[in-house]
Amino acid sequence: MTKPLRASYCDNISSWYYVPMKKIVLIALVLLVTASCGGTVAAPSEQRLQGAPTANTAQISQPNPVLPPRQGGRPEDKYSCAINSDGYCIFSGTPHRTGLNPNTEDIVNADEVFLFTMNEAVAVNSSGEILQARGTPASNGDELVRYLEGEMTDDEKAFHRVIAVMLPVRNALMYDISEVNQARWEELVSELEMRGIKDKTFTDGATPKDNYYGRDGIFELAKRPEGKDIHHDVMKFLEEAGLYFLCHVTSDDFGQMLQDSHPEGHDPCRDAKITEKIPF
């Protein structure tokens with residue numbers, strides 16, 4: 001009668017021993033594989049953070065960040081255009097979907113359908129982060145969105161309005177030039193015209209870098225590129241026009257920041273040759 005009891009007891013001992021041993025072996029294997037891969041196992045909380053969508057941390061009226069040391073030279077050229085079947089040099093990328101309808105307070109879409117008013121608008125990048133008020137020109141993916149939270153300084157308000165004005169100008173030169181006539185172009189650049197921004201064209205420089213196009217000149221070039229890649233000329237016009245525009249409508253402190261952060265060390269507000277600022 002005792003043998004079956006002893007056998008049962010031994011079986012229980014065996015089972016008790018075997019189950020933990022399986023766990024120990026399994027854990028050892030996991031640790032061995034992890035070590036051999038040179039990695040570490042993230043804690044569950046770390047894994048959740050890594051997989052979570054990035055929150056939009058850009059805020060209105062945040063202080064300007066410390067500027068990195070100036071590297072010298074222009075930033076890497078990210079743009080290109082190709083001559084299409086109609087002879088226009090069309091840029092790679094996608095047109096901006098929103099912009100300020102000229103001579104109104106209306107933010108509209110590509111079909112000129114009203115979305116919201118300018119005093120409700122901020123410019124965001126392709127990640128949905130609010131653009132900081134800086135001299136960096138508008139870029140692919142920038143759009144205008146409705147924003148009813150937070151307070152903005154006068155310089156920040158002016159910055160977002162400049163972006164709102166310039167997005168349709170970018171679309172006209174980079175993507176929609178075949179559909180833009182002279183009257184429409186003059187309407188798009190009316191804010192530049194009233195401030196005397198980009199009045200002149202100069203193309204007799206010793207090098208292409210010395211040349212620049214005014215409002216009329218860049219439109220004529222975009223309409224008749226004559227088979228040339230004109231993206232450098234277009235981007236130079238857009239970048240300089242945007243900077244000179246900001247110099248007119250922002251404070252002197254903001255103008256100093258534009259100089260301090262310029263990649264080539266220029267003073268855009270001096271280059272703009274402003275005799276009298278014309279704010280919004």
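The numbers here are math on the coordinates, done by the rules we state, and not lab data. This structure is a prediction, so every number in the text was calculated from the model and none was measured. Here the Cβ is made from the backbone with ideal geometry for all residues, glycine too, and neighbour counts use every protein chain on show.
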**Item:** Part-to-part distance (alpha-carbon centres) for segment 149-172 and segment 203-226, which is given in Å
**Value:** 26
**Asked** ³J(HN,Hα) across segment 196-210 via Karplus (A = 6.51, B = -1.76, C = 1.60, θ = phi - 60°), whole Hz, x for Gly/Pro?
**Response** x, 7, 6, 7, 10, 10, 9, 10, 9, x, 5, 9, x, 5, 7
**Request:** Rounded to whole Hz and in sequence order, give me ³J(HN,Hα) for segment 91-107 from the Karplus expression 6.51 cos²θ - 1.76 cosθ + 1.60, θ = phi - 60°, writing x for Gly and Pro.
**Result:** 6, 6, x, 10, x, 5, 8, 9, x, 8, 5, x, 6, 9, 10, 9, 8
**Request:** Determine ³J(HN,Hα), in whole Hz, for all residues of segment 145-159 in sequence, where each value follows from phi through the Karplus function 6.51 cos²θ - 1.76 cosθ + 1.60 and θ = phi - 60°; x replaces Gly and Pro.
**Result:** 10, 7, 9, 10, 10, x, 9, 10, 6, 4, 5, 5, 4, 5, 4
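Could you tell me which of the pairs Lys157/Lys236; Lys157/Lys228; Lys223/Lys273; Lys209/Lys273; Lys200/Lys277 are separated by over 30 angstrom between their Cα atoms in the structure shown?
Too far apart for the 30 Å limit: Lys157/Lys228.
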**Fill in**
Which residues qualify? For Phe116, with a placed amide H closer than 5 Å and at least 5 residues away or on another chain, they are Ile107
**Asked** So what's segment 95-271 giving for Cα Rg divided by 2.2 N^0.38 Å, two decimals?
**Response** 1.02
**Prompt:** Once you list every other residue whose beta carbon is under 14 Å from the beta carbon of Arg270, what net charge do they have if Lys and Arg are +1 and Asp and Glu are -1?
**Reply:** -4
